[in-house]
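Asker: Dumping the structure here so I can ask a few things about it.
The values are calculated or read from the model by the stated rules, or taken from the named source; none is laboratory data. Nothing here was measured: the structure is a model prediction, and the numbers come from that model. For neighbour counting, all protein chains shown are included, and Cβ atoms are generated from backbone atoms with ideal geometry for every residue, glycine included. Side chains included, ligands, DNA and RNA excluded: accessible areas come from the protein's heavy atoms. Shrake-Rupley method; radii C 1.70, N 1.55, O 1.52, S 1.80 Å.
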Amino acid sequence: MSKRLWDIGRMAWDRLILTGAPPTPENYALWYHATGGTVAGLPEAMAELASAGMLGQTAALEQMQTRFFPEGIKPTPTAPEAPPEPAPEAKPTEARPSNLSIVYRVSEDAGDIMDAAAQVLSQADRAHSDYAETLAGLQPTRIDTPTSLKTAIRLLTEETDKVISENTGLRAQLEGLSDRMRALREELTATQSELGRTQANLSEARIAADTDALTNLPNRRRFEQDLSALIRSANGKFCLVLADIDFFKNFNDQHGHVMGDQVLRLVAQGLARRVEKLGRAYRFGGEEFALLIRDIELPKVFDLCEAIRRDVATREVVNRTTAQPLGRITLSAGLTAAVAGETGDSIIGRADRALYAAKNQGRNRVIVDPPLA
């Protein structure tokens, strides 16, 4: 098995354990193919499950297995005990254990220490019991001659020295176990800190993967995830708006991409501010934006879109560096309400047709599909 396959297998196993899902062969195989990207669409589907907080749910994982492996999951390579040895000409490098494996090892070592401590305490208890029996045997009625007194004192001295010696040894063992436990605690604390940093980095990476770098709006990938979630949970009770900046290419050609980027950011900020409490704005691609608005009737969403369109049309675009006015820009928009049971492609298609109708009818307008009464 190659080093790459071993790495994929190890990463898949760590991800499975972290989700809390049952570590079955089927669930491991699901994570293996998702991590390795061997099945089209599976990584994105698993990402959707993660966003919905359903990675640990058996029913959700079984649905994924049925969806992507209708004929059963193919066998997956089993991760070996250790990665393969490097080629003779390659300089060997020391493999760093994963944070998860460190946690497992520390847990096992702590269990061993606890067992050893229990044995030490058991030995101490037996020593004290033996000493108590010795004292019980030295009854005053049996010490009635100088010889018997001498014998009793010798026996008591020997037993006392023995208990003290054993207690000293047991105390040393307990101190050694305490030192080991302290070292493990420090190692675990450091590992937990690193796990926290790793989790924070993963969260930042997830946010970055879902965010458009220029406008700071959620990107097309996040739009598709949210649209799928709305279709599943809202029973079609939401609206989709696709909006496009009119003649944006001409503006770019005339004033340059720097000013074009400024316009994109201004429009993005305006859209996000307008729908902040009603839904979410996305950069759909290029100069096109999308709005997902839930639990508001279509006529009211139309009024909102009209207000946004008028607001954009009345604002003068100004070069921030030179204070030179660059004219005004306008928006065209297509609006539609989802129908219960329809697909994402269907609702996007209707909003897109409405947007093109707005363009064809002169731009700077909002068109609804189907038209409002």
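Asker: Can you tell me which residue in segment 208-255 is farthest from L49 (Cα to Cα), limited to those that are open to solvent by 70 Å² or more (accessible area, probe 1.4 Å), not in a helix (DSSP H, G or I) and not polar (S, T, N, Q)?
Answerer: Per the stated criteria, the residue is F247.
Asker: Follow-up. Between a residue in segment 221-234 that is of a type in the set (D, E, K, R) and any residue that is modelled with pLDDT of 90 or more and part of a helix (DSSP H, G or I), which pairs come within a Cβ distance under 9 Å, given they are 6 or more apart or on different chains?
Answerer: Note: pairs meeting the criteria are E224/G344.
Asker: For segment 292-318, give me the residue count where each residue is within 26 Å of G256 (Cβ to Cβ) and either in a loop (DSSP other than H, G, I, E, B) or open to solvent by 30 Å² or more (accessible area, probe 1.4 Å) (or both).
Answerer: 6
Asker: Let me ask another. Can T151 be described as of a type in the set (S, T, Y) and either at pLDDT 75 or above or under 19 Å from M46 (Cβ atoms) (or both)?
Answerer: Criteria not met by T151.
Asker: On to the next question. Being in contact with a helix residue (DSSP H, G or I) (Cβ under 6 Å, 6 or more places away or on another chain), modelled with pLDDT of 65 or more and not in a helix (DSSP H, G or I), is that true of even one residue in segment 61-80?
Answerer: So far as segment 61-80 goes, yes, one or more of its residues are in contact with a helix residue (DSSP H, G or I) (Cβ under 6 Å, 6 or more places away or on another chain), modelled with pLDDT of 65 or more and not in a helix (DSSP H, G or I).
Asker: Please verify whether T168 is modelled with pLDDT of 70 or more and in a helix (DSSP H, G or I), treating the condition exactly as stated.
Answerer: Here the answer is yes, as T168 does meet what is asked.
Asker: Okay, next question. Which of the residues belonging to segment 319-338 are over 40 Å from the mean Cα position of the chain (by Cα), hydrophobic (A, V, I, L, M, F, W, C) and not in a loop (DSSP other than H, G, I, E, B)?
Answerer: L326
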